[in-house]
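Input: a single structure, listed below in structure tokens.
The values are calculated or read from the model by the stated rules, or taken from the named source; none is laboratory data. All values derive from a computational prediction rather than experimental measurement. Note that each Cβ is placed from the backbone with ideal geometry, even for glycine, and that neighbours are counted across all protein chains shown.
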Amino acid sequence: MVNAVSHCFGAAMLFVTILGGLTPVAAQTPSTGPWPAEVVGWQKPKPGEHPRLLFRIADLPDLKKRAETTEGQAILRRLRYLLDGKNGDTLLPPGQPEQSVGRFTIGHAAGYGLLYQLTGDKKYADLGLQSFDRMLQGEADRDSRYSFTNANGELRAGSSWAIAGLGYDLCYNGWSEADRQRVAKSFLNVKNGQGFNLEKVVRKPKYRPSKNHTGGILCGAAAAAALAGDPGAEDAKIWEEWLPDAYRNTMGMLTEGFGDHGWYAESQGPSHVSSDTGFQVWLKAAKVACGKDFITPRPNAQYVALRWVMEIVPQEGRPQYPLRMAAGPSYGTHEFTRGGDWSHGGQFSQGFGIVEDRYKPAMLWVYQNFVEPAEHKLTAKDAWINEKGFLPPGEKSFDAMGSPWKAVVAFVNWPIGAEPRNPAGIIPQAMEDRIHGYYCFRNQWKDANDIVVTALLGYGPKDAYKPKFGPIVVWGLGQRYEFGSLTATKPATFTTHANGSGVIAAEEKHLAVDFSGASGVPLLLVSIGVGEGKSDGVAQFTKQMVGGQSLSIMTLTKGTHPVAKVEGDKLVIGGQTITFDGKGIVFAKR
């Protein structure tokens, strides 16, 4: 299936020799191949063939081997604990306190289903069926906005049906034929009180991709893929009509909602609603169940997960990131929030399933070094996880903090046996999302002193919440700065280097980030037409006229700031020289 949206491609990296003599990163050639790609060797699931969403029957032997590993056993213990607060062999009755371990969720059926697949013990399929019956009778999730029969809007309905579909898929072989058909028909017959059904969320989501609800709506396609062709659902034209529409909607989500390198139209906070509530599960299911690979042909889908590798900085003992957002605080803060059963949770347990193997060691490194160490000292918003006993002292969550379905995807997706590797050299340290005009530069992955510089030009698709475009955001050496205004109406010229340095030439405005150390400081930032901030000792802002051009200079250091000197048409800072050639800022060693 060749996508008609031809402008969606990876960052354009120009081959120019600048930045202190460092070798620039070679140009990335835009992919022009089919997207989504057809999965080689894929075979369409037969009616009644399950599992099919996260893995196929042929994958079960390898999954059972995972269950024998130390990590696999730990994740399964985590799953069992989340199911009933003990060993996962019971389904707690209705009426449990809302924030209590084992309280009923839509993810319970999937949790029991995975245990059934791994053990073959029919009692788990029976527990999954009991979970379904309670959903069909109207019992809502622990988060009462999510419900099989009466979710709060299309967002929660699509997500609810997607995860219920995962339970159906995993439990199917352990049910009677009558129960299989009864449950299958329930997906097709349920009609939310607000007048929409599964076909509607799959084929015609309520919002455009640039609205944060959309990912949680269209992920209902995972439920459709689970049902396709099954007895009880054979009259619905799921393969023929529903799923082709879902593929088109997914392409829109990856080219108008998310960009080619992880920026979301409404910014990072609202992005959690679209990414964490089932969209990543659907991306994997599209590949496994439908033979449609949205992941490997282009970076768009992978950077839904990999963006956190670029942005997370451990500050104040917790993972944080340089947030820019116009939406309210209910969509998140600069804290990397993890306690949500739906949005703001499972970013890594889901994300490992939508990146190529070559990137997983880098993701694992960030998780183990920046994210996991803080999970027993969570933010106030997530404190209930610890306070209510969801993560007992000394336990690891494997990014499944509250809901059993997050433990299911963690077990299937976790890079068990992989050695974590520092991301430097695995993913580029300077990144451009060309669809949205978002830039992120990083000097290293080490500790709270890591430096991250971001810019957002302000063009591209947008909807209700216009993100805070314009200001340069610098997080570095434990400090945070926001200043100036870098905007444009079209893509910039972008040059990047292996150490994270880079140059943006955006119409009449320019920004150059230098991590080379040639200037004598960890960060040298030079801009034209952008503006500057206030000096505070760690950051120093100055201005210089060079060759008739006004340059704004920022240096960042806990030591002594170098003195900038003008020598002819050059500005000299330590061992670094800066010139403007009429097209952009140019760095070169003295």
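Observations
- Flag for Arg480 being surrounded by fewer than 20 Cβ atoms within 10 Å (Cβ to Cβ), touching a residue at least 60 places away in the same chain (Cβ under 8 Å) and among the charged types (D, E, K, R): yes
- For Glu240, the conditions (1) among the acidic types (Asp, Glu); (2) over 15 Å from the mean Cα position of the chain (by Cα); (3) not in a helix (DSSP H, G or I) are fulfilled apart from (3).
- Counting the residues of segment 65-80 that are part of a helix (DSSP H, G or I) and touching a residue at least 40 places away in the same chain (Cβ under 8 Å) gives 8.
- Of all the listed residues (Gly252, Gly232, Gly269), the sole one being in the same structural domain as Val201 (by TED's automatic domain parsing), out of contact with any Ser or Thr (no Cβ under 6 Å at 6 or more places or on another chain) and assigned to a loop (DSSP other than H, G, I, E, B) is Gly232.
- Within segment 476-508, being touching a strand residue (DSSP E or B) at 6+ places or on another chain (Cβ under 9 Å) and of a type in the set (Asp, Glu) holds for Glu482, Glu508.
- Residue in segment 48-58 that is more than 30 Å from Glu234 (Cα to Cα), in contact with a Phe, Trp or Tyr (Cβ under 9 Å, 6 or more places away or on another chain) and either assigned to a helix (DSSP H, G or I) or in contact (Cβ under 8 Å) with a residue 12 or more places away in the chain (or both) present: no
- Subset of segment 197-229 that is hydrophobic (A, V, I, L, M, F, W, C) and in a loop (DSSP other than H, G, I, E, B) - its residue that is nearest to Cys171 (Cα to Cα): Ala228
- Condition met for Leu155 (crowded, with 16+ Cβ neighbours inside 10 Å, assigned to a helix (DSSP H, G or I), within 27 Å of the chain's Cα centre (by Cα) and in contact (Cβ under 8 Å) with a residue 40 or more places away in the chain): yes
- Which listed residue is touching a residue at least 12 places away in the same chain (Cβ under 8 Å), farther than 18 Å from Asp450 by Cα and hydroxyl-bearing (Ser, Thr, Tyr), from Ser535, Ser527: Ser527
- Contacts under 7 angstrom Cβ, first residue in segment 129-148 being part of a helix (DSSP H, G or I) and at pLDDT 95 or above, partner of a type in the set (S, T, N, Q) and buried (at least 16 other Cβ atoms within 10 Å of the Cβ), 6 or more apart: Leu136/Thr149; Leu136/Ser186
- Check on Arg145, closer than 18 Å to Trp405 by Cβ, of a type in the set (Lys, Arg) and surrounded by 17 or more Cβ atoms within 10 Å (Cβ to Cβ): no
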